[in-house]
Amino acid sequence: MLNLTIAALFLVGTHFGIASTPLRAELIGRVGERSYRLLYSLLAIVALAWLITAWRAAPLVPLWTAGAGLRHAALALMPVAFLLVVCAITAPNPTVIGQRPDPDAAAPATGIIRVTRHPFMWGVGSWALLHLLANGDQASFLFFGSFVVLALGGTFLIDARRTREGAPGWGVFLQATSNLPFAAIAQRRQRFVPREIGLWRVALALALYVLFLWVHPWLFGVSPLA
């Protein structure tokens, strides 16, 4: 379990300690943005591979019993995580690397960005949290917990970095959106427009969800439907 613990700390530490701090700008200044992205991507791949390998080799140490109700709840909520990720990768988002707010846009945010300005991170964080709760063992707690911390904690660090950068239109975008899903809508700073998300994204998310249910036993050795 020590190997898994170190791997989890390495994954989270390298992301938070490099990508979300002033060290990132310093490294880009020294090696250039393209080289930085390449080196950082390689580091992230190594960290992820180490974590997965350590998780697969870790012994099973139960922490709590995940009953049928909890597993069924995870199955029912997982499509939401898929939808968040699908929306995040199929639409522009000023919080993503290489993208910036459009100061001249008619609306600061559209689609899923009205719900949360970090749909990908919330999608990954939701996926990890649901898996963590539905498994209930120490290895899964460390493995999926590292993704929960990385994704949801990363949203605050991304906001802080973008605020430091001060791109034109970022302040308006920040005020018109929220990190916590539906918070800006509840505060009447934003409104929910389902048609902007699109039925095709919902259909794609559901199709991917069904596909992953089908291949899950072959990829991970256990069926979520069992």
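In this entry, Ala128 passes the filter for residues that are of a type outside the set (Val, Ile, Thr), outside the structural domain of Leu11 (by TED's automatic domain parsing) and touching a Phe, Trp or Tyr at 6+ places or on another chain (Cβ under 6 Å). All of Ala203, Ala139, Ala184 fail the test of being surrounded by fewer than 15 Cβ atoms within 10 Å (Cβ to Cβ) and in a helix (DSSP H, G or I), apart from Ala203. Of the residues examined, Leu48 is not one that is under 25 Å from Phe212 (Cα atoms), surrounded by 18 or more Cβ atoms within 10 Å (Cβ to Cβ) and within 17 Å of the chain's Cα centre (by Cα).
Yes/no matrix, rows are residues, columns are (1) in contact with a strand residue (DSSP E or B) (Cβ under 7 Å, 6 or more places away or on another chain); (2) surrounded by 13 or more Cβ atoms within 10 Å (Cβ to Cβ); (3) among the small types (Gly, Ala, Ser):
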residue	(1), (2), (3)
Arg195	no, no, no
Ala207	no, no, yes
Val215	no, no, no
Gly221	no, no, yes
Pro224	no, yes, no
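When Ser178, Ser223 are screened for being among the hydroxyl-bearing types (Ser, Thr, Tyr) and closer than 26 Å to Ile97 by Cβ, only Ser178 passes. Can you find a residue that is among the aromatic types (Phe, Trp, Tyr), under 23 Å from Gln99 (Cα atoms), surrounded by fewer than 18 Cβ atoms within 10 Å (Cβ to Cβ) and out of contact with any helix residue (DSSP H, G or I) (no Cβ under 9 Å at 6 or more places or on another chain) anywhere in segment 152-170? Scanning segment 152-170 turns up at least one residue that is among the aromatic types (Phe, Trp, Tyr), under 23 Å from Gln99 (Cα atoms), surrounded by fewer than 18 Cβ atoms within 10 Å (Cβ to Cβ) and out of contact with any helix residue (DSSP H, G or I) (no Cβ under 9 Å at 6 or more places or on another chain).
Considering segment 1-94, the qualifying helices (runs of 4 or more DSSP H), each wholly inside and each with 2 or more residues that are touching a helix residue (DSSP H, G or I) at 6+ places or on another chain (Cβ under 7 Å), touching a residue at least 12 places away in the same chain (Cβ under 8 Å) and within 30 Å of Pro181 (Cβ to Cβ), run over 2-14, 33-57, 68-89.
Quick one: which residue in Thr21, Thr110, Thr14, Thr5 is hydroxyl-bearing (Ser, Thr, Tyr), outside the structural domain of Phe192 (by TED's automatic domain parsing) and modelled with pLDDT of 90 or more? Going through Thr21, Thr110, Thr14, Thr5 in turn, the sole match is Thr5.
The values are calculated or read from the model by the stated rules, or taken from the named source; none is laboratory data. If you're wondering where the values come from, they're calculated on a predicted model, not measured in any experiment. Counting neighbours? That spans all protein chains shown, and the Cβs are built from the backbone with ideal geometry, glycine included.
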